[in-house]
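Student: Supplied in structure tokens, the structure appears directly below.
Since every read-out is calculated from the coordinates, none of them should be taken as a lab result. Computed from a prediction, not measured in an experiment: that's the story for all the values here. As a convention, Cβ positions derive from the backbone with ideal geometry for all residues, glycine included, and neighbour counts pool all protein chains shown.
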Amino acid sequence: MESTIPRQRVALVAIVCAVAIFAAACGSKSDSSGGATPTTGAASNITLPADGEPQSGGALVMGLEAETDGFNPTVNRWAISGTEVGLAVYDPLVAIDANGAAQPYLAQSIEPNADYTVWTITVRPNVKFHDGEALTGAAITTMLNAHLASPLTKPAIAPVAKVETTGELTAQVTKKAPWVTFPYSLTSQAGMVPAPSMFDASGKPTDAGQKAPVGTGPFVFKSWVPDKAFDATKNPNYWRSGLPYLDSIEFQPIPDGDTRGTALQSGDISMMHTSDFNTVEKFRAQAKDGKVQIVEDNGEGEEDFLIVNTKDPAVSDVRVRKAMALAIDRETFNTVINRGIGEVADGVFKPTSKWYTKTDYPSFDAAAAKALVAEYKADTGKTPAFTLGTTPSPINQQAVQLLQQDLNAAGMDVTVKTTEQSSFISDGVLGNYQVNLWRQFGAVDPDADALWWYSANTGDGGATGGLALNIARNADPQIDAALDQGRQTADEATRKQAYATLQQRQAADFPYIWLNHALWAVVANNNVRGITNGPLPDGQPSLPIGGGGDFGGVVRFTQTWLTTS
Amino acid sequence: MRFVRKKLIALFFVLLAVTALSFFMLRLLPGDTARVVCGISCDEAGYQKTREELGLNKPIPVQYVNWLGNILTGDMGTSARNKQPVSEAIAQRLPVTIELLIYSQFIALVVAIPAGLLAAQRAGGIFDRTSTTVAFGLLAIPSFVAAIVLILIFAVNLGWFPSVGYVPFLDDPLGNLHDLFLPALTLAIAEMAVYMRLLRTDLISTLQEDYITMAKAKGISSRRVLMRHAFRPSTFSLVTVAGLNFGRLIGGTFIVEFIFALNGMGLYIVNGILGRDYIPVQGGVVVVAVAYVLINFGIDMLYAVIDPRIRHARAIV
């Protein structure tokens with residue numbers, strides 16, 4: 001029998017159902033963990049007060065932005081995600097205090113000689129690795145020699161001439177030249193101490209060690225399933241008495257930022273980090289409503305910029321690079337891509353940094369950009385044409401489209417190229433690019449970023465060829481001299497002058513087309529306490545967030561705990 | 001038995017062809033496996049040594065034979081990215097993907113079969129027309145949209161299911177099924193619409209047959225006619241499509257795996273391609289291709305169970 005219900009009514013029911021589903025999806029639920037009135041620490045931190053004594057126990061799950069290729073600091077490629085995991089199973093020899101100074105952490109002391117050419121590292125006594133082996137000066141020697149033998153990590157300690165074990169707990173590091181800021185290089189990957197069992201008899205890192213790290217850190221490696229989870233349990237014999245508070249910690253790589261944020265909202269992870277401005281904006285609002293806590297790294301962090309292969313013929317003319325700087329409307333870029341939250345950059349330091357100096361880096365001037373391109377065309381008969389590379393993430397795709405628009409409007413011919421992250425970085429280091437959207441330079445002390453700027457690190461000196469950690473392949477003797485000066489003197493005024501020269505040269509030569517200063521944030525559920533770094537072993541307050549070498553947004557979990565209330 | 005023997009012989013040659021195609025097609029990809037394995041800091045001597053170690057300096061047919069021999073002994077090589085043996089990585093990931101697709105197909109069939117039966121029983125009725133509209137709606141929803149909506153409703157707002165991760169099946173079977181429900185449902189949504197429509201259409205066609213009319217004339221109830229006489233011969237299309245989906249989904253779950261942060265085969269292969277880590281890609285593609293062939297072999301066997309005529313039919317060449 002034919003139905004008497006009109007077709008239109010059936011369709012209407014379907015539409016109403018669909019709308020209801022979407023309405024439910026867009027509605028928000030109240031935070032199930034309740035929560036006291038949030039307090040603010042620094043201007044952009046919203047965290048709950050740590051009432052009462054820290055509670056032991058519990059398992060914390062942290063969402064990371066990427067997977068890492070292994071966990072031996074002397075051989076694997078660590079970005080912020082690898083550094084976070086590393087800080088759970090290893091201890092760095094040095095950490096940054098609240099004043100930005102390098103302080104011993106796993107090291108008991110790290111002392112220079114009179115001219116800073118020899119440093120003596122003394123490790124703390126009675127510290128054991130997770131496999132029961134004692135921490136000794138020999139372990140430090142093994143580690144640093146492994147770094148010196150690693151093409152990947154050697155540049156971080158390139159000024160080191162030799163390392164020797166000089167006592168049960170001491171290692172002596174001799175430099176080729178004075179290196180005043182050597183301790184800063186030991187705050188991250190280069191300073192995290194793996195157990196000798198992670199190396200073979202010849203000192204070469206073993207494959208097994210990369211997959212099952214052994215350190216002295218607050219957590220002991222339990223298991224690692226790549227792209228799923230890295231699990232570690234509390235170190236019952238941790239040398240910092242009474243710590244850690246957590247029973248276990250799990251790191252889950254969740255590359256998609258939206259998925260990571262959703263996982264936090266649904267309680268599937270307890271903490272996450274992000275550098276996506278959209279996500280930061282979202283969680284700022286949620287933190288103000290008391291649903292989550294947020295801590296932002298407002299210290300000296302990374303910059304977003306276009307990195308230019310200055311040796312590539314397409315962009316080797318400084319007029320082309322200057323035209324790029326003039327053509328890009330950084331304010332609009334910051335508004336559209338960074339939701340207006342980011343801080344426009346005109347150099348490698350923030351204006352609030354003691355190293356900052358005002359330079360002649362140009363403001364947006366479309367007319368001047370066009371004029372410069374026209375001058376270049378008239379001179380060479382060529383239109384500036386190059387590829388602008390980035391990774392597949394949606395926000396990066398939007399960013400390069402906006403930049404392409406600006407650059408093409410100035411008369412350039414820009415094509416966009418997309419490459420997966422690990423290949424993208426490899427291509428950069430090998431010089432297989434012309435212009436890339438890039439993020440880098442987050443060191444607390446500028447000397448720790450010097451390896452990215454030295455002429456000696458420009459590979460074979462050409463556009464491609466060799467492994468160039470000076471990825472822009474910008475060889476500048478004036479910059480080299482300034483970097484040497486900044487490294488070899490303890491006098492702050494002299495160092496400031498040296499880094500002023502660095503900024504002026506970069507502003508004149510345009511190896512980097514600045515966009516904005518990056519912002520890392522750590523977001524946590526309301527039951528997490530100790531989100532920021534707790535006091536250092538000797539009681540001094542630590543840099544609350546960041547300071548893990550070249551990365552902002554890094555935190556240690558040594559004093560993190562979960563409240564049951 | 002003869003039927004099975006013939007199918008097995010054919011299976012052997014199909015597997016050989018599939019592995020050969022997988023091997024040779026991957027050779028067409030841009031990039032240099034030896035360069036990736038050797039690393040960015042590799043010099044010429046190291047590169048040549050790596051080529052030798054990987055057997056890339058031999059003629060391609062010899063490489064294929066060696067590679068096939070290694071595959072048969074479980075040696076699929078090692079990832080250049082994280083030094084994990086490919087066979088170990090696949091052993092971790094394949095169960096996730098297989099469970100996901102079995103679970104999703106189960107959900108799809110559990111919903112689609114009763115819906116199809118009901119729709120066919122009263123073709124043109126309210127349920128038939130409503131289910132048709134809903135089916136078209138479900139087909140129109142991209143899987144990533146479905147995933148996000150499901151996560152927002154059931155994970156974030158209601159908190160009934162997790163948005164990422166899962167507990168392994170052997171650790172907690174019920175917990176595992178609970179954790180994988182949303183990803184499985186995401187995959188099942190489009191499939192259930194297709195299955196329901198297929199079954200409905202085939203059933204309506206079968207219900208026009210003379211023997212059905214005969215059964216009804218003999219006084220057999222509508223329900224019995226539907227279940228005992230019409231359903232089984234109406235499932236051929238359903239079985240074919242379900243079988244094809246099983247094979248397709250083994251490597252086609254990437255989007256769901258990405259959104260739900262599941263370490264399955266889809267994500268493994270795609271990450272390998274994007275990272276130019278070709279050894280895992282090679283291993284992953286072969287596993288997916290072989291699984292596809294084996295599943296379809298299984299479907300062929302299922303036809304013989306469903307329809308006895310197939311068991312006894314002779315091939316007409």
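Student: Excluding residues on the same chain fewer than 8 positions from A:K234, give the lysines whose Cα lies under 18 Å from its Cα.
Tutor: List returned: A:K128, A:K222.
Student: Related question: If I build a Gaussian network model for chain B, linking alpha-carbon pairs within less than 10 angstrom, which residue out of B:R223, B:R35, B:R200 has the largest mean-square fluctuation?
Tutor: The residue with the greatest mean-square fluctuation here is B:R223.
Student: Run the dipole for chain A about the Cα centre, Lys and Arg Cβ at +1, Asp and Glu Cβ at -1, nothing else charged, and hand back the magnitude in debye, nearest 20.
Tutor: 420
Student: A follow-up question, please. In whole Å, what is the distance between the alpha-carbon centres of segment B:44-71 and segment A:437-501?
Tutor: Computed from Cα coordinates, the inter-centre distance equals 41 Å.
Student: For chain A, what is the calculated [θ] at 222 nm in deg cm²/dmol (nearest 500), taking -39500 (n - 2.57) for each run of four or more DSSP H residues and dividing by its residue count?
Tutor: -8500 deg cm²/dmol
Student: Only helical DSSP H runs with n ≥ 4 go in: add -39500 (n - 2.57) per run for chain B, normalise by residue count and round the 222 nm mean residue ellipticity to 500 deg cm²/dmol.
Tutor: Per the formula, -22500 deg cm²/dmol.
Student: Mind checking A:262-271 for the average number of partner chain beta-carbons within 10 Å of each residue's beta-carbon?
Tutor: Per-residue shielding by partner chains comes out at 6.
Student: Can you work out ³J(HN,Hα) from phi for every residue in segment A:343-351, in order, using Karplus 6.51 cos²θ - 1.76 cosθ + 1.60 and θ = phi - 60°, giving whole Hz and x for Gly and Pro?
Tutor: My calculation for segment A:343-351 gives 10, 4, 10, 10, x, 7, 10, 6, x Hz in order.
Student: Please report how far the C-alpha centroid of segment B:152-188 lies from that of segment A:313-389, rounded to the nearest whole angstrom.
Tutor: 48
Student: Right, another one. Can you pull the mean other chain C-beta count within 10 Å for peptide B:260-271?
Tutor: The per-residue average across the peptide is 4.
Student: Order of B:Y64, B:Y268 from fewest to most other C-beta atoms within 10 Å?
Tutor: B:Y64, B:Y268
Student: Hey, rough spin-label estimate for B:I141 and A:D379, points 7 angstrom out along Cα→Cβ, what's it come to in nanometres?
Tutor: Reported label-point gap for B:I141 and A:D379 is 5.9 nm.
Student: Below 8 Å, C-alpha to C-alpha, sequence gap of six or more: please give me the relative contact order for segment B:35-173 in percent.
Tutor: Dividing the mean separation by the residue count of segment B:35-173 yields 9 percent.
Student: Ok, one more. Separation between the B:M227 and A:T387 pseudo-spin-labels, each 7 Å from Cα along Cα→Cβ, expressed in nm?
Tutor: So the two model labels end up 6.3 nm from each other.
Student: Beta carbons within 10 angstrom, averaged per residue: use that to sort the peptides B:225-237, B:206-218, highest first.
Tutor: B:225-237, B:206-218
Student: Continuing with the same structure: In whole Hz, what ³J(HN,Hα) sequence does segment A:181-187 give by Karplus (6.51, -1.76, 1.60; θ = phi - 60°), x for Gly and Pro?
Tutor: In residue order, the calculated couplings are 9, 3, x, 4, 6, 9, 8 Hz.
Student: Just going by the charge dipole of chain A, with Lys and Arg at +1 and Asp and Glu at -1 on Cβ, which of A:W78, A:T262, A:F251 is farthest out on the positive end?
Tutor: A:T262
Student: What's the longest uninterrupted piece of chain A once you rule out the GluC sites (Glu not before Pro) that are loop residues per DSSP with at most 12 other Cβ within 10 Å?
Tutor: A:169-565
Student: For the charge dipole of the protein assembly as shown, defined by +1 on Lys and Arg C-beta atoms and -1 on Asp and Glu C-beta atoms about the Cα centroid, which residue among B:V225, B:L16, B:F106 has the Cα displaced farthest towards the positive pole?
Tutor: B:V225
Student: Rank the residues A:T335, A:T142, A:T233 as a footprinting-exposure proxy: fewest other Cβ atoms within 10 Å of their Cβ go first.
Tutor: A:T335, A:T233, A:T142
Student: So what's the net charge close to A:D207: Lys and Arg +1, Asp and Glu -1, counting the other residues with Cβ under 11 Å from its Cβ?
Tutor: +2
Student: By how many nm would the segment from A:D258 to A:A208 lengthen if fully extended, with 0.36 nm per residue of separation less the alpha-carbon distance?
Tutor: 14.7 nm is the gain from fully extending A:D258 to A:A208.
Student: For a quick check: with amide H placed at 1.01 Å from N, whose amide H comes under 5 Å from B:G77's, ignoring anything fewer than 5 positions away on the same chain?
Tutor: Those qualifying (amide H under 5 Å, at least 5 residues apart or on another chain) are B:V86, B:S87.
Student: Return the average number of partner chain Cβ atoms within 10 angstrom of each residue Cβ along peptide B:83-93.
Tutor: The mean count of partner-chain Cβ atoms within 10 Å per residue comes to 3.
Student: Follow-up. List the aspartates and glutamates whose alpha-carbon lies under 14 Å from that of A:K417, not counting same-chain residues fewer than 8 positions away?
Tutor: A:D427
Student: Run the simple label-point estimate for A:T332 and A:A161 please: 7 Å along Cα→C-beta, distance reported in nm.
Tutor: That separation, rounded to one decimal, is 5.5 nm.
Student: What length, rounded to one decimal in nm, is gained on full extension from A:V118 through to A:D289, with 0.36 nm per residue of separation minus their alpha-carbon distance?
Tutor: 56.3 nm
Student: Fully extended, how many nm does the chain gain between B:S237 and B:D171 (0.36 nm per residue separation, minus their Cα-Cα distance)?
Tutor: Here the segment from B:S237 to B:D171 would lengthen by 20.0 nm.
Student: By counting other Cβ atoms within 10 Å of each Cβ, how are A:I341, A:I294, B:I306 ranked from fewest to most?
Tutor: B:I306, A:I341, A:I294
Student: Using R₀ = 25 Å, calculate the FRET efficiency as 1/(1 + (r/R₀)^6) where r is the Cβ-Cβ separation of B:L16 and B:E53; round to 0.05.
Tutor: Efficiency, from the Cβ-Cβ distance: 0.40.
Student: Moving on. Using unit Cβ charges (K, R positive; D, E negative) and no other charged atoms, how large, in debye to the nearest 20, is the dipole of chain B about its Cα centre?
Tutor: Dipole magnitude for chain B comes out near 1460 debye.
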